[in-house]
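The values are calculated or read from the model by the stated rules, or taken from the named source; none is laboratory data. Keep in mind that what you see is a predicted model, and the values were worked out from it rather than measured. Reconstructed Cβ throughout: ideal geometry from the backbone, glycine too, with neighbour counts over all protein chains shown.
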Amino acid sequence: SPDKAWKGRFTVPTDAFVEAFTASVGFDHRLYRHDIRGSVAHARMLAAVGIIEEREAALIAEGLAAIEKEIDEGRFPWSVGREDVHMNIEAALIERIGEVGKKLHTARSRNDQVATAVRLYLRDGIDSLIGQLQRLGGVFLMLAEREAETIMPGFTHLQVAQPVTLGHHILAWFEMILRDSERLIDARGRVNVMPLGAGALAGTSFPIDRQMTAQALGFARPAENSLDAVSDRDFVIEFTAAAALIMIHLSRIAEELVLWSTPQFGFIELGDGFCTGSSIMPQKKNPDVPELLRGKSGRVIGHLTALLVLMKGQPLAYNKDNQEDKEPLFDTLDTVRDCLRALTELLPATTFHRERMRREALRGYPTATDLADYLVRRGLPFRDAHEAAGRAVRLAIDQGVDLADLPLAALKTCSPLIEDDIFPVLTLEGSLAARDHWGGTAPRQVLEAAARGRQRLADL
Ligand code: ARG
C-alpha cells in the first residue's frame, strides 16, 4: 500500500483491515470532477494573492485537467490505500507534476475540501432533478389538456364520490411536483455556500481571498463560520427530505396507476414496454415499473433517517462520521433520477380507457351532491337538502337505477321542490360543468389551469 500523506507522526503502518474500513474511494470517486474544480479554483486564488506563483498554479491546473481526463476515460488507478477521492487525486498530481503538486493543499484541509466538493456535486444534481421535474410537469400538462373533458369517478375513501375530469386529476399530480421543484430550488440556496477557507476547522493563517474562490466556483458567498462550514450537513439532509417527498408523490401516483391498470378498474393499459410477464402465469402483464416507483420510496425515506441519525450526536466540528453522508446522498440522487425518468416515459405510453372511466363514474350515485345543491338553490337549507337527496339515492338503490333514471314523480316524493329541470343537473356532464371556478374540475377550468401551469413551470 502507498505511503500515507500523513505518515510523519506514525511509526507503525496502518492495519490492512483498518485501511479498507476507513476508505471511501469505493464510493466517493464520483466526486472527482467537482473535487478538481474546487482544487483548480483554490490554486488560482493562492496564486492571485501571492501564496504560490502563477506558473505553479498553471502547472497544477494542467496536471488536474490531465487527471480528470484519465478518470473520464477509466484509466485512473484508484487506490484504496489512498483512502478517498481527494487523496487519490492529490497523490496522482504529485506523481505527475512533482514538487509543485505538494503546494496545492496550502491553506486547505480535506474538511473544507470535501464539504466543497459535495456541495458542488449536489448543486449539479439538484439542477438536473429540477430539469427532470420540469419535463415531467410538461407531460402532465400535455395529458391534462388532452383529457380535459374525459370523465372519471373522483374518490374519497376509495369510494366513488363525485365525477371529476381526468385532466383535473392529472393537474393534482402537477401541483405535487411543482411544490417539489420549489422545495429543491429553496434547498439549493443553502447548498450554494462555500466552505473553502474554513481549513480543518479554525480557518487558515494565510491571506486567502474567499470571495474570489467563491465567485470562481459560482457560490453565492463563502460560509460565515469556519466551524459550521466543515461540520454542517444540513444541506444534505434538506435535499434528502425534499427527495423523500418527491418519492412519496411518485409512490402515490404509482399506486393509482397500479390500481387503474387492474381489470377491476380497467381505466388504463400500460404500454407493453413498461410491463413484464409472469414466469408461470401466461396471461399476466404486471405493472412492475409503477410498483418499483412505489417500492423505491422506501430506500429514500431510509436514507433521510440515516442522515438525521448520522448527525444527531456529532460535536463540532468535523468528524469522520460525515464520510457516511455520501452513500445515502448518492443513492438518493440516483433513485430519484431514475424514478422521474421512468414515470416521464411511462405516461405517454399509457392508454386511457375513456368509455370505461365514464361508465364507472356513473356507478355509486356521484351526482347526489348536485341534487342537494339544486334543492338549496330552490330555497331549502343544505342539511334538509342533503336528507332529501339521500332519500332519492335510497329510492334509486332500491330500484336498481341511476338518479337521473328516476321518474320525476318518484323524485318529487323526496322533495316537492324538484322540477323537470333537475335532469341535466343529475348528469355527469352537468355536474362537471357546474364546478366552474378557479381550481374546479369543469373542463374549461382545467384548460385554464393547465395554461397557468405552463407559465408557472416557466417561472420556476
Ligand atoms: N473522505 C472524507 C469524508 O468524506 C474526507 C474528509 C476527511 N477528513 C479527515 N479529517 N479525515 O468526510
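Some observations on this one:
- Hits in segment 266-294 - residues which are free of Cβ contacts under 8 Å to residues at least 40 places away in the same chain and either among the polar types (S, T, N, Q) or within 14 Å of residue 351 (Cα to Cα) (or both): 272, 275, 276, 278, 279, 283, 286, 287
- Residue 263 loosely packed, with under 14 Cβ neighbours inside 10 Å and more than 21 Å from residue 350 (Cβ to Cβ): no
- Elements of type helices (runs of 4 or more DSSP H) in segment 327-444, at least 1 residues being of a type outside the set (Val, Ile, Thr), more than 30 Å from residue 303 (Cβ to Cβ) and in contact with a strand residue (DSSP E or B) (Cβ under 7 Å, 6 or more places away or on another chain): 354-362, 428-434
- Comparison of 62, 95, 19 shows that the only residue that is touching a residue at least 40 places away in the same chain (Cβ under 8 Å) and more than 18 Å from residue 197 (Cα to Cα) is 19.
- Any hit, segment 230-238, residues being assigned to a loop (DSSP other than H, G, I, E, B), closer than 28 Å to residue 301 by Cα and of a type in the set (S, T, N, Q): no
- Every pair of residues 6+ apart whose Cβ atoms lie under 7 Å, when the first sits in segment 107-120 and is outside any helix (DSSP H, G or I) while the second is modelled with pLDDT of 95 or more and within 8 Å of the ligand (Cβ to nearest atom): 109/200
- Unique residue being farther than 28 Å from residue 43 by Cα, among the small types (Gly, Ala, Ser) and assigned to a loop (DSSP other than H, G, I, E, B) when the list is 297, 251, 279: 279
- Output for segment 70-89, where each listed residue is within 16 Å of the ligand (Cβ to nearest atom) and small (Gly, Ala, Ser): 79, 81
- Selection count, segment 93-152, where residues are more than 16 Å from the ligand (Cβ to nearest atom) and aromatic (Phe, Trp, Tyr): 1
- Subset of segment 299-353 that is β-branched (Val, Ile, Thr) and under 18 Å from the mean Cα position of the chain (by Cα) - its residue that is farthest from the ligand (Cβ to nearest atom): 344
- Those residues of segment 193-229 which are part of a helix (DSSP H, G or I), within 16 Å of the ligand (Cβ to nearest atom) and surrounded by 19 or more Cβ atoms within 10 Å (Cβ to Cβ), in sequence order: 226, 229
- Subset of segment 239-282 that is in contact with a Ser or Thr (Cβ under 9 Å, 6 or more places away or on another chain) and of a type in the set (S, T, N, Q) - its residue that is nearest to residue 173 (Cα to Cα): 251
- Annotation: of all residues in segment 161-192 being touching a helix residue (DSSP H, G or I) at 6+ places or on another chain (Cβ under 7 Å) and outside any helix (DSSP H, G or I), the one that is surrounded by the fewest Cβ atoms within 10 Å (Cβ to Cβ) is 192.
- All positions within segment 342-368 that are of a type in the set (Val, Ile, Thr) and crowded, with 16+ Cβ neighbours inside 10 Å: 344, 350, 367
- Search result, residues across segment 2-43 that are out of contact with any Asp or Glu (no Cβ under 6 Å at 6 or more places or on another chain) and small (Gly, Ala, Ser): 5, 8, 16, 20, 26, 38, 39, 41, 43
- Flag for residue 274 being surrounded by 12 or more Cβ atoms within 10 Å (Cβ to Cβ), farther than 23 Å from residue 340 by Cα and not polar (S, T, N, Q): no
- For segment 185-204, residues that are touching a residue at least 60 places away in the same chain (Cβ under 8 Å) and out of contact with any strand residue (DSSP E or B) (no Cβ under 9 Å at 6 or more places or on another chain) total 8.
Yes/no per residue for (1) over 20 Å from residue 392 (Cα atoms); (2) in contact (Cβ under 8 Å) with a residue 12 or more places away in the chain:
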{"position": "415", "(1), (2)": "no, yes"}
{"position": "418", "(1), (2)": "no, yes"}
{"position": "423", "(1), (2)": "no, yes"}
{"position": "431", "(1), (2)": "no, yes"}
{"position": "438", "(1), (2)": "yes, no"}
{"position": "441", "(1), (2)": "yes, yes"}
{"position": "447", "(1), (2)": "yes, yes"}
{"position": "453", "(1), (2)": "yes, yes"}
